[in-house]
Amino acid sequence: MSLTQVSSNKCAGGFQKVFEHESTELRCKMKFAVYLPPKAETGRCPVLYWLSGLTCTEQNFITKAGSQVLAAEHGIIIVAPDTSPRGCNIEGEDESWDFGTGAGFYVDATEDPWKKNYRMYSYITEELPKLINSNFPSDPDRMSVSGHSMGGHGALICALKNPGKYKTVSAFAPICNPVQSPWGQKAFSGYLGSDRDTWQAYDATVLAASYSGPPLDVLIDQGRDDQFLSANQLLPDNLIAVCSEKKIPVVFRLQPGYDHSYFFIYSFMSDHIKHHAKFLNA
């Protein structure tokens with residue numbers, strides 16, 4: 001599979017790059033960002049996959065989160081893909097900010113007209129890691145996943161649906177219980193249809209209730225002044241209750257004064273990189 005380099009910038013001793021490729025899962029051209037720490041020049045490094053939120057591209061994280069200095073220090077490659085297929089000419093794909101373009105929700109759609117292209121779950125868990133492992137000095141046995149909002153939902157479901165695949169998971173303000181959230185209900189009804197039973201395969205709270213894999217340490221940061229928390233879009237309490245019952249270790253930190261923005265993510269990114277480094281470099 002051929003990659004086209006879109007950009008390359010020296011950063012924190014390594015390189016922040018963006019590539020484009022033809023995706024077989026999504027049947028369109030996709031971009032992803034990859035940070036290569038200095039250590040990648042001499043040996044294989046673990047990979048942290050970052051999943052962004054609604055309306056984002058691969059650019060938001062690499063320009064706003066401040067992850068590169070810590071990734072360089074801990075020798076971690078960070079891969080940040082786009083959030084949906086682009087330019088598929090599907091009727092209605094650009095009508096809403098929270099459905100269609102920029103809002104793939106990390107599911108494999110089963111409904112027309114979305115099911116041909118909107119296969120972000122398979123792209124993130126299968127196609128992209130194969131692409132990374134065959135083109136970069138990554139260690140395929142050491143990967144983890146993190147994300148924000150819709151991407152926090154994506155990170156949690158990727159880890160819970162694939163026991164042992166990811167060494168750890170963390171999230172900023174994730175959509176924890178999408179079957180109960182207006183965002184999730186809109187996306188799932190469009191991508192997965194009206195049968196709500198099918199939605200449960202992509203809901204972190206539901207998945208946590210039946211998780212039976214190796215120990216998974218979860219770190220979640222949530223801004224207390226997040227407008228989407230008060231609008232019942234995120235519902236972290238539901239996930240925390242299930243994890244507590246199932247004895248899945250979760251560090252949940254409610255951060256006073258912080259909102260849903262990248263200013264919040266930037267403020268606690270170093271803690272998350274350190275969390276991932278602890279498990280990736282163990």
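At a glance:
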item: Selected residue (criterion: nearest to Ala109 (Cα to Cα)) from residues of segment 220-244 that are in a loop (DSSP other than H, G, I, E, B) and over 18 Å from the mean Cα position of the chain (by Cα); result: Asn232
item: Close pairs from segment 249-262: first touching a residue at least 60 places away in the same chain (Cβ under 8 Å) and closer than 13 Å to Gln227 by Cβ, partner open to solvent by 70 Å² or more (accessible area, probe 1.4 Å) and of a type in the set (S, T, N, Q), Cβ under 7 Å, at least 6 apart; result: His260/Gln227
item: Whichever residue in segment 102-120 is open to solvent by less than 30 Å² (accessible area, probe 1.4 Å) and not aliphatic (A, V, I, L, M) and, among such residues, is nearest to the chain's Cα centre (by Cα); result: Tyr106
item: Some residue of segment 51-60 being at pLDDT 95 or above, open to solvent by less than 50 Å² (accessible area, probe 1.4 Å) and more than 21 Å from Ser261 (Cβ to Cβ); result: no
item: Residue under evaluation Phe228, criteria (1) within 27 Å of Met143 (Cβ to Cβ); (2) in contact (Cβ under 8 Å) with a residue 60 or more places away in the chain; (3) open to solvent by 20 Å² or more (accessible area, probe 1.4 Å), criterion not met; result: (1)
item: Identity of the residue in segment 61-101, within 21 Å of Pro178 (Cβ to Cβ) and β-branched (Val, Ile, Thr), that ends up least open to solvent (accessible area, probe 1.4 Å); result: Thr83
item: Tyr266 vs. criteria of a type in the set (Ser, Thr, Tyr), modelled with pLDDT of 95 or more and surrounded by 18 or more Cβ atoms within 10 Å (Cβ to Cβ); result: no
item: Flag for Leu280 being at pLDDT 95 or above, under 29 Å from Ala71 (Cα atoms) and open to solvent by less than 60 Å² (accessible area, probe 1.4 Å); result: yes
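The values are calculated or read from the model by the stated rules, or taken from the named source; none is laboratory data. It should be emphasised that the depicted structure is a prediction, and the values quoted were computed from it without experimental measurement. Positions of Cβ are generated from backbone atoms using ideal geometry, with glycine treated the same way; all protein chains shown enter the neighbour counts. Side chains included, ligands, DNA and RNA excluded: accessible areas come from the protein's heavy atoms. Shrake-Rupley method; radii C 1.70, N 1.55, O 1.52, S 1.80 Å.
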